[in-house]
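To start, the structure under review is shown below, and the notes come after it.
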Amino acid sequence: MKRTTLFIALAGLMAAAVAGPAAAQESEPLETFSRADLIAALEANGAMYEELADSRSINVTFASGVFANAVLLACTDDDLELECYGTSILATFNREGRSDAEVAQAINTYNYRENFGRAYVDPDGTISVRLYIIADGGITRENYKRQIELWENSLNDFFDYLYGEEESEGEDGAA
């Protein structure tokens, strides 16, 4: 009995030693973002991504079919993406025959009801919904991942606001 207890205790200590650094890293706040942090958060949300060779941005396809573009911003070295204080993820949408008034109503409804992004029409007339996350003061990896998840979920509501519930089902709507 003593041998079994000793074996179980040693196995538990070994498991804690192996999991300890990974668990500690997971719970430590991020003071800045790295490309690896962004990719890990995207993967944790079931997103597929394509890193572009000639650009700092990452093309993202979320499990829901939403297409977006992600980029790290406010870096101490933009070329190397070192110590980045911001993450921006942008989804754009086609008008699909919607009038300016319908687009404005959808944007106003989104901005009033949703808290995970900002919808607007950019200067070129593109309908956009952007998420911007800052690391100032620290953010946990779980919170980083969760904000991206909640933003993606809010885009489903934006589809409904812009295209109507019947038309948005099964449509990706993104440009």
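Tabulated data for the structure shown
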| item | result |
| --- | --- |
| Asn153 within 27 Å of Asp37 (Cβ to Cβ), touching a residue at least 24 places away in the same chain (Cβ under 8 Å), open to solvent by 60 Å² or more (accessible area, probe 1.4 Å) and polar (S, T, N, Q) | yes |
| The range 105-117, residues that are surrounded by 14 or more Cβ atoms within 10 Å (Cβ to Cβ) and in contact with a helix residue (DSSP H, G or I) (Cβ under 9 Å, 6 or more places away or on another chain) | Gln105, Ala106, Ile107, Thr109, Tyr110, Glu114, Phe116, Gly117 |
| Qualifying position, being among the small types (Gly, Ala, Ser), touching a residue at least 12 places away in the same chain (Cβ under 8 Å) and surrounded by fewer than 17 Cβ atoms within 10 Å (Cβ to Cβ), among Ser55, Ser64 | Ser64 |
| Check on Ala36, among the small types (Gly, Ala, Ser), part of a helix (DSSP H, G or I) and open to solvent by less than 60 Å² (accessible area, probe 1.4 Å) | no |
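The values are calculated or read from the model by the stated rules, or taken from the named source; none is laboratory data. Everything numeric in this text was worked out from a predicted model, so none of it was measured. Neighbour counts are summed over all protein chains in view; Cβ atoms, including those assigned to glycine, are modelled from backbone coordinates with ideal geometry. The protein model used for the area step is the full one, side chains on, heavy atoms only, and it has no ligands, DNA or RNA in it. Shrake-Rupley method; radii C 1.70, N 1.55, O 1.52, S 1.80 Å.
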